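Asker: Dropping a structure here in structure tokens format, bear with me for questions.
The values are calculated or read from the model by the stated rules, or taken from the named source; none is laboratory data. Computed from a predicted model, the values in this text were never measured in an experiment. Cβ placement follows ideal geometry from the backbone for every residue including glycine, while neighbour counts extend to all protein chains displayed.
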Amino acid sequence: MTTAQTGPDQADPLKNAYHQGFITNPLHREFLLHKDVALLCIDMQYLDAAEGYGVFGPKHESGAAALSDACKEYYFQSLAKQVIPNMHILQNCFRQHRLEVIHTRIQALTQDGRDRSKGHKRLKLLARPGSAEACFLEEVAPVGDEIIINKTASGVFSSTNLHYVLRNIGIQSLYICGVYTNECVETTIRDACDLGYLVTMVEDACTTVTAELHEASIKTLKDRYARILPTDQVIDEIHQLIG
């Protein structure tokens, strides 16, 4: 009987194939040169990214109410010190080069939320049209006529017309940032990859409620569904190719 191999290649025998197809694919460069790229900012709103509001409000019934003080502190510290500043830099860079900046948020079509996904109903997630919870954080809010996509599920592709919109404006590659890394961000990255987009996750412009969950998502996405790059490397890449 042959002894099972446990080296790096055996641990992930498909790594090279995925790496060539999705990570080192020269089309990343080609799409950027032709400006067929967009920055997708996920759920940076008062519902789930503002202390004292939405799911972090005193009377909210969502699962966030069970988070420890340590989890909340990590989340809001990482937002304030890293994610929001980096996303602001990314947005300004994309705007400077006339690249699309697209925003998703959780928002129902109706005031009572009857149109929400079953998952959001079970989680008691509701951002009514015009509510404070549906508002974007001011530091990273849309500017001008930037596209806003409203959703009521973790995956923006499964619950909206985003794919149709991206095809209409010629987008082939997505740079993705936002919250939560292990939920809406990861789901969107996987779906985008399956739909044929080349994806770059901006790792220091994403966060979730623990460092372990954030790193676990990066570990499963890396070398598989997306390039994982820090903000400064993304900025350098854009300036070098189209600056």
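Asker: Within segment 118-126, does at least one residue satisfy the condition of being without any contact (Cβ under 8 Å) to a residue 12 or more places away in the chain and either part of a loop (DSSP other than H, G, I, E, B) or surrounded by 13 or more Cβ atoms within 10 Å (Cβ to Cβ) (or both)?
Answerer: For segment 118-126, residues without any contact (Cβ under 8 Å) to a residue 12 or more places away in the chain and either part of a loop (DSSP other than H, G, I, E, B) or surrounded by 13 or more Cβ atoms within 10 Å (Cβ to Cβ) (or both): present.
Asker: Of the residues that sit in segment 169-184 and are small (Gly, Ala, Ser) and within 12 Å of Lys35 (Cα to Cα), which one is surrounded by the most Cβ atoms within 10 Å (Cβ to Cβ)?
Answerer: The residue in question is Ser173.
Asker: List every residue pair whose Cβ atoms lie under 7 Å apart, where the two residues are 6 or more positions apart in sequence or sit on different chains, the first residue falls within segment 223-243 and is within 14 Å of Val37 (Cβ to Cβ) and surrounded by 14 or more Cβ atoms within 10 Å (Cβ to Cβ), and the second residue, located anywhere, is among the acidic types (Asp, Glu) and modelled with pLDDT of 95 or more.
Answerer: Leu229/Glu203
Asker: Would you point out the residue of segment 26-42, among those that are farther than 22 Å from Ala205 by Cα and of a type in the set (A, V, I, L, M), that is surrounded by the most Cβ atoms within 10 Å (Cβ to Cβ)?
Answerer: Residue satisfying both the conditions and the ranking: Leu27.
Asker: Looking only at segment 186-222, filter to residues that are among the small types (Gly, Ala, Ser) and surrounded by 18 or more Cβ atoms within 10 Å (Cβ to Cβ); which one of those is nearest to the chain's Cα centre (by Cα)? Let's see the steps before the verdict.
Answerer: First pass over segment 186-222, keeping only residues among the small types (Gly, Ala, Ser): 192, 196, 205, 211, 216-217.
Then keep just the ones that are surrounded by 18 or more Cβ atoms within 10 Å (Cβ to Cβ); that gives 192, 205, 217.
Numbers: Ala192: 11, Ala205: 9, Ser217: 12 Å.
The extreme case among them is Ala205.
Asker: Give all pairs with beta carbons closer than 6 Å in which a residue from segment 73-91 that is without any contact (Cβ under 8 Å) to a residue 24 or more places away in the chain and outside any helix (DSSP H, G or I) meets a residue that is surrounded by fewer than 20 Cβ atoms within 10 Å (Cβ to Cβ) and among the acidic types (Asp, Glu); count only pairs at least 6 apart in sequence or on separate chains.
Answerer: Filtered contacts from segment 73-91: no entries.
Asker: Right, next: Within segment 170-184, is there a residue that is aliphatic (A, V, I, L, M) and either part of a loop (DSSP other than H, G, I, E, B) or modelled with pLDDT under 95 (or both)?
Answerer: yes
Asker: Considering segment 122-149 alone, what residues qualify as being modelled with pLDDT under 95 and over 21 Å from the mean Cα position of the chain (by Cα)?
Answerer: Across segment 122-149, the qualifying residues are Arg122, Lys124.
Asker: Residue under question is Ala108, and the condition is that it be surrounded by 13 or more Cβ atoms within 10 Å (Cβ to Cβ), within 19 Å of Asn182 (Cα to Cα) and within 21 Å of the chain's Cα centre (by Cα); does it hold?
Answerer: no
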